[in-house]
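> My questions all concern the structure below.
The values are calculated or read from the model by the stated rules, or taken from the named source; none is laboratory data. On a predicted model such as this, the values are computed, not experimentally measured, just so you know. All Cβ positions, glycine included, derive from the backbone under ideal geometry; neighbour counts span all protein chains shown.
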Amino acid sequence: MNKRCYYEILRIERNATEDEIKKNYRKLAMQYHPDKNPGDKEAEEKFKEAAEAYEVLSDREKRDIYDRFGHEGLNGIGFRGFSGFDDIFSSFSDIFEDVFGFGTGRPRSRTVQRAGADLRYDLKISFIDAAFGTSKDIEVSKFEQCRVCDGIGAAPGTSPETCRQCSGRGQVSKSSGFFTISTTCPQCRGQGRVITKPCTNCKGTGRAKIRKTVHLKIPAGVETGSRLRLRGEGEEGVYGGPNGDLYVFIHTGEHEFFERRDHDIYCRIPISFVQATLGATIEVPTLNGAEKLKIPKGTQSGTTFRLRGKGVPHLRGFGRGDQIIETVVKTPTNLSRRQEELLREFAKLSGES
C-alpha cells in the first residue's frame, strides 16, 4: 500500500515552518480525534495518518531524510509509524492538552521505557578509501545518563521529593458533570517527583551531553549516499529503554584521473599519432597499479578498451566492476623540417593533396 505524502496529509507546503506544521496538525487532531468521532473508522485512520505525518515533519532529522529519500529513507532508519493510539497519545500528550484543554483520558506511566534518539553523522572520505574501504575514528556529540547524579537529576547527596500536588501519582483529576478527567500534573509534569536541588552538571534533566569517539569500519565499494548503521551508538534510552542508532552518511571525494560510474571507473589515455597508427603496448594506471594495454594498429581517437575486474569492488557481493579506457590521439605540434617532409611524403603516397 502506497503511503500518502506527509505534506499533503497536513495540508502544508514543503517549506512550511514548525509553527505551521504544529498549527495544521492541531486542526486535524481536533477534527478526527476518536473521542469526537466514536465508531468512525475513516476518521480513526485519518487521525493516525496525521499523527504519523506530524511525528516525521516536526523532527528536523526525520524531515530531512524524508525530503531527500521519501518513505523508503524513513524505513531505512527503522521508522514504522505508530502501532496504535497509545503510541500516539503518549508521544503527543502536550499537543492534546493544548487542543482539548485536558489530557487524553489515557493515563501514562511515568516510568515508560523510551528508546534513545537516532543520530546522523556526515563523513567525507577519499575516492580511494571509498573504493577499497578503510577505518575511521569519528567523534559524536550526544546525550547520555548524567554520570554525576546517575541519571536522577538531583544534586549528589539529595533525592527527588514526592510531588505534593498529585501525591506522587503523576496525574491530577478534574470533575466535569458526570465525568472525571485525569490530566498530567502541571507541578511535576507526570513524574510524581519534584527535584528541589537539581544536579549542576545536567541541570536536573538526568542527561548530559558528552563527546564520544566511535570506531567505524567502512567497507569497500561505498559511494556518496551510502549509509552505515551503528546499532546502539545513538542517544541513550530513557528509563532503561534501548539506545538509538548512529547513521553515518558517506560523501566521497573526486579523483584527479579516474571517474566512477556505479562500480566501473573511467579514464582517458593520450596516445601518439605513431602509436595509434602502427599499434603499441602501453602502461595505463589502474586502482591496483600500472597494467599493460595493447593498442592495435589504426586505433582511432575515442576508441575505448575494457580492463575487466579492475573497477570498484561490489559493496554487497563478490567481484568488481571494470575499468573503461578511452584513447585520445594527440596531434603532433612543433614539427621539425624533416618531420614535415616525411609527413608530406606520407600524404603524397596516400593520395592526399
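> Report yes if TYR266 is at negative phi, touching an Asp or Glu at 6+ places or on another chain (Cβ under 6 Å) and of a type in the set (Phe, Trp, Tyr), otherwise no.
Yes, satisfied.
> A further question on this structure: Taking region 119-152 on its own, how many of its residues are touching a Ser or Thr at 6+ places or on another chain (Cβ under 6 Å) and either farther than 30 Å from ASN288 by Cβ or small (Gly, Ala, Ser) (or both)?
The number of residues fulfilling the criteria is 2.
So that you can scan it fast, the table gives a plain yes or no per residue for (1) at pLDDT 90 or above; (2) touching a Cys at 6+ places or on another chain (Cβ under 7 Å); (3) in a helix (DSSP H, G or I):
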| site | (1), (2), (3) |
| --- | --- |
| GLU8 | yes, no, yes |
| ARG26 | no, no, yes |
| GLN31 | no, no, yes |
| PRO38 | no, no, no |
| LYS48 | no, no, yes |
| ASP64 | no, no, yes |
| GLU72 | no, no, yes |
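> Out of the residues in region 10-24 meeting the condition of being of a type in the set (A, V, I, L, M, F, W, C) and assigned to a helix (DSSP H, G or I), tell me which one is nearest to LYS48 (Cα to Cα).
Checked region 10-24; the qualifying residue nearest to LYS48 (Cα to Cα) is LEU10.
> Out of all the residues in region 1-30, which are without any contact (Cβ under 8 Å) to a residue 12 or more places away in the chain and among the polar types (S, T, N, Q)?
ASN2, ASN15, THR17
> Working carefully through the options THR205, THR213, find the one that is assigned to a strand (DSSP E or B) and of a type in the set (S, T, N, Q).
One residue alone meets the criteria, THR213.
> If you go through region 329-336 one residue at a time, do you hit one that is of a type outside the set (Asp, Glu) and within 47 Å of the chain's Cα centre (by Cα)?
Looking for residues that are of a type outside the set (Asp, Glu) and within 47 Å of the chain's Cα centre (by Cα), one finds at least one in region 329-336, hence yes.
> Same structure, new question: Do you know which of the residues in region 231-243 that are under 17 Å from the mean Cα position of the chain (by Cα) and surrounded by fewer than 15 Cβ atoms within 10 Å (Cβ to Cβ) is nearest to ALA130 (Cα to Cα)?
The extreme case among them is ARG231.
> Okay, next question. In the list LEU228, LEU246, which residue meets the criterion of being buried (at least 18 other Cβ atoms within 10 Å of the Cβ) and modelled with pLDDT of 90 or more?
LEU246
> Return the residues of region 146-167 that are buried (at least 17 other Cβ atoms within 10 Å of the Cβ) and in contact (Cβ under 8 Å) with a residue 40 or more places away in the chain; say none if nothing qualifies.
Of everything in region 146-167, those that are buried (at least 17 other Cβ atoms within 10 Å of the Cβ) and in contact (Cβ under 8 Å) with a residue 40 or more places away in the chain turn out to be CYS146, CYS149, GLY151, ILE152, GLY153, ALA154, ALA155.
> Next up: Taking region 121-143, which residues are of a type in the set (D, E, K, R), surrounded by fewer than 17 Cβ atoms within 10 Å (Cβ to Cβ) and closer than 17 Å to ARG211 by Cβ?
Across region 121-143, the qualifying residues are ASP122, LYS136, ASP137, GLU139.
> Just name the residue that is farthest from GLY221 (Cα to Cα) out of those in region 316-329 that are in contact with a Ser or Thr (Cβ under 7 Å, 6 or more places away or on another chain) and loosely packed, with under 14 Cβ neighbours inside 10 Å.
VAL328
> I need a count of the residues in region 186-228 that are under 30 Å from ARG260 (Cα atoms), among the charged types (D, E, K, R) and touching a Phe, Trp or Tyr at 6+ places or on another chain (Cβ under 6 Å).
Residues meeting the conditions: 1.
> Quickly run through region 234-292 and pick out the residues that are farther than 26 Å from LEU216 by Cβ, of a type in the set (Ser, Thr, Tyr) and part of a strand (DSSP E or B).
TYR266, THR281, THR286
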